[in-house]
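Trainee: Please see the structure below; I have some questions.
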Amino acid sequence: MEKLIVNYTSREKRFAFIKNQQIEKINFDRPEQRSLVGNIYYGTVTKVLQGMNAVFIDIGEEKNAYLHRDVLAKYVNSTDKEKENATITTFVHQGEKMLVQVDKDITGTKGARVTGIVEIPGEHMIYMPNGRYVAVSKKITDEKQKEKLRLLGKTLTHDEEGMVFRTSSAGLTEEAVVEELSTLRSQYNELIGKTQAMKKPGIIFQKDTFIEMVLETAGSMNDGEVVIDDLSVKKLVEKKNPRLKVSYYNEKENIFATYRVEHEIDKALKRLVWLENGSYLVFDETEALTIIDVNTGKFSGKVDYQDTVLKTNQFAAKEIVRQLRLRDIGGIVLIDFIDMKREKDKLSIIETIEKELRKDEKRTKMIGFTPLGILQLTRKKTKVSLSEALQIKCPVCEGTGKILSAETVAFRLERELLEHRHSEYDAVLIETTKEVKQLLLPHLERLEEWLHFKVLFITLPSSHHHYVIKQFGDVDELTQKAVDFY
């Protein structure tokens, strides 16, 4: 049984995908952390790195973007002879303006990574003005259908054009393909037109990645239910997925709390993950890599030691892959399984992980076991992980641990207050930190209109961001309490 829970009513948009009563995926969308992936910019080359065959590009964001020669449109569309012994300076120079698209978000100290091969997404295809190749989704299994689409694509594209047929393109008529391709070409020409009036670098196309991911996740569901707390999004999902049951959630309690997703988010932020058999995992995330340690814990097994080790590692392997998806961990991952003496046991663990990885939409490369028994793999990273999105480095312990950010606490407070909307009280008194209050103040008037009561604050200095709902009651009484406190 599959279920998609969509929380759209507050400024922080979220959705969770549940399969067999287990959360498989959580996605967050915040205004200040919105993914840049898929956005198209008109940028200016600020620095050419000949030794790295790359350039830095000012795209109008806080940090300059990075572009490698191999994804430069001029390089991709040149002949093999032109490419031979050619460096980045052959194809681009400092001060040059170009259209680029983000394929990896800003992470840590690194700027966004961009490509010169721009993709214009459509409902059934992706149009690449400079892609120069035609591809068909691997999910279309009918070889005759794939070949038909491939030949059609080659016939319709010209010069440097390219296109990728999505899974939904199977069974489309030639007229429908021609019509959509024409629309996407027009969209691209409009983007080029926008650049003519631009005097400085900036964005010219922004994807609504959250709604797109909701629709994509719903589209991948075989059966089950989608539950949404916003009517407009509900109608959109119903229109795109008529075969699915789509429900509107209109209760006071936040939808994530009702379906216990909030609880799972808190668990996904912890270092320690207990498994059903009594063993546990320890997650340590750094900027460079993630280390996962497997421990037997309370699991002792009923046979010999090596069988106990294998069973523990098998439990761990399945949960590790789920946690990689849930926490959206990318980059290098090192897994320290309990030491296995038998080679067949190591192969069994690799097979288990590879099987579980087939459920993952992000590309993962299995490297294998090192001589020290550490399993290495890499998972594609396009945006920040769950912990990076929801937590900040703790100023008290100088970065050795993490606490919830002021933004996260503010959003949690906002959601809890919304559960009390239209109540009989005139006001509420809240104790919190100055930072949390400051984040809510610009939106307080709108929040109070939703709630139909006043929100009053007492602020206290603290080493961590928090809030306490002190009292509901009469507005004059609570105002006086707030004044008396100071």
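The values are calculated or read from the model by the stated rules, or taken from the named source; none is laboratory data. This is a predicted model, so every value here is computed, not measured. Cβ: placed from backbone, ideal geometry, glycine included. Neighbour counts: every protein chain shown. The protein model used for the area step is the full one, side chains on, heavy atoms only, and it has no ligands, DNA or RNA in it. Shrake-Rupley method; radii C 1.70, N 1.55, O 1.52, S 1.80 Å.
Trainee: Counting every Cα pair in the range 137-232, what percent are over 24 Å apart?
Mentor: Roughly 46 percent, once rounded to a whole number.
Trainee: Still on this model: Among the lysines, which have Cα under 24 Å from the Cα of Lys437 when same-chain residues fewer than 8 positions away are ignored?
Mentor: Straight-distance partners of Lys437: Lys13, Lys252, Lys393, Lys402, Lys454, Lys470, Lys481.
Trainee: Just report the Cα centroid separation between the range 1-76 and the range 380-441, whole Å.
Mentor: Value for the Cα centre distance between the two parts: 23 Å.
Trainee: So between Leu269 and Lys83, what do we pick up on full extension, going 0.36 nm a residue minus the alpha carbon distance?
Mentor: Full extension from Leu269 to Lys83 adds 62.3 nm.
Trainee: Ignoring ligands, DNA and RNA, please state the percent of accessible area on the range 1-114 from carbon and sulfur, probe 1.4 Å.
Mentor: Carbon with sulfur: 47 percent of the solvent-accessible area.
Trainee: Right, something else. In the range 283-430, what percent of the accessible surface is made up of carbon and sulfur (1.4 Å probe, ligands and nucleic acids excluded)?
Mentor: 52
Trainee: Counting only helical runs of four or more DSSP H residues, what would the 222 nm mean residue ellipticity of the chain come to if each run contributes -39,500 (n - 2.57) and the total is spread over all its residues?
Mentor: One gets -10000 deg cm²/dmol as the mean residue ellipticity at 222 nm.
Trainee: Please list Lys252, Lys234, Lys239 from largest to smallest accessible area, probe radius 1.4 Å, with all protein chains kept in place.
Mentor: Details: Lys252 95, Lys234 35, Lys239 165 Å².
Largest accessible area first, the residues go Lys239, Lys252, Lys234.
Trainee: Mind giving me the nanometre distance, one decimal, between the label points for Val178 and Asp159, set 7 Å out from Cα along Cα→Cβ?
Mentor: Going by the 7 Å Cα→Cβ label model, 2.1 nm.
Trainee: Now for a different question. Please compute the per residue accessible area over the range 373-425 with all protein chains in place, 1.4 Å probe, rounded to a whole number of Å². Don't skip to the end; give the middle numbers.
Mentor: Working: 2380 Å² over 53 residues.
That works out to 45 Å² per residue.
Trainee: For the chain, go through all pairs of different Cα atoms, get the mean of 1/r, take its inverse, and jot down that Kirkwood value in Å.
Mentor: About 25.9 Å, per the Kirkwood formula over Cα pairs.
Trainee: Rounded to the nearest 5, what % of the DSSP beta bridges within the range 342-459 are antiparallel ones?
Mentor: Bridges in the range 342-459 that DSSP calls antiparallel: roughly 55 percent.
Trainee: Okay, next question. Taking a probe of 1.4 Å, how large is the accessible area per residue of the range 65-106, in Å²?
Mentor: I get 53 Å² per residue for the range 65-106.
Trainee: Ok, one more. Spelling out what I want: for every residue of the range 215-224, take phi, set θ = phi - 60°, compute 6.51 cos²θ - 1.76 cosθ + 1.60 (Karplus), and round to whole Hz; glycine and proline get x.
Mentor: 5, 5, 5, 4, x, 8, 6, 7, 7, x
Trainee: I'd like the accessible area for His452, computed on protein heavy atoms only with a 1.4 Å probe and all protein chains in place. Round to 10 Å², please.
Mentor: About 120 Å², ignoring ligands and nucleic acids.
Trainee: Heavy-atom accessible area per residue, the range 183-238, 1.4 Å probe: how many Å²?
Mentor: Using a 1.4 Å probe on heavy atoms only, each residue of the range 183-238 averages 54 Å².
Trainee: Now for a different question. So which of Lys25/Lys207; Lys267/Lys318; Lys311/Lys359; Lys139/Lys381; Lys270/Lys380; Lys144/Lys239 end up more than 26 Å apart by C-alpha? It would help to have the intermediate numbers written out before the result.
Mentor: On the way: Lys25/Lys207 21 Å; Lys267/Lys318 17 Å; Lys311/Lys359 21 Å; Lys139/Lys381 22 Å; Lys270/Lys380 22 Å; Lys144/Lys239 30 Å.
Those over the limit are Lys144/Lys239.
Trainee: Also: For the pair Leu191 and Lys138, what calculated FRET efficiency results from E = 1/(1 + (r/R0)^6), where r is the Cβ-Cβ distance and R0 = 45 Å, to the nearest 0.05? Don't skip to the answer; put the middle values down first.
Mentor: On the way: r = 29 Å, r/R0 = 0.63.
Efficiency, from the Cβ-Cβ distance: 0.95.
Trainee: Could you order Ile320, Ile374, Ile203 by accessible surface area, starting with the largest, using a probe radius of 1.4 Å?
Mentor: Ile203, Ile374, Ile320
Trainee: For the range 32-49, what does the Karplus curve 6.51 cos²θ - 1.76 cosθ + 1.60, with θ = phi - 60°, yield as ³J(HN,Hα) per residue in whole Hz, taken in order and with x for Gly and Pro?
Mentor: Values, residue by residue: 7, 10, 4, 4, 8, 4, x, 5, 10, 10, 9, x, 10, 5, 9, 8, 9, 9 Hz.
Trainee: Compute the separation of the alpha-carbon centres of the range 98-138 and the range 244-323 and state it in Å as a whole number.
Mentor: Going from one Cα centre to the other spans 33 Å.
Trainee: What is the distance, in nm, between label points placed 7 Å from the Cα along the Cα-to-Cβ direction at Leu441 and at Lys235?
Mentor: Using points 7 Å along Cα→Cβ, the separation is 3.8 nm.
Trainee: How do Thr155, Thr115 rank by accessible surface area computed with a 1.4 Å probe, from largest to smallest?
Mentor: Reading off the accessible areas and sorting them downward yields Thr155, Thr115.
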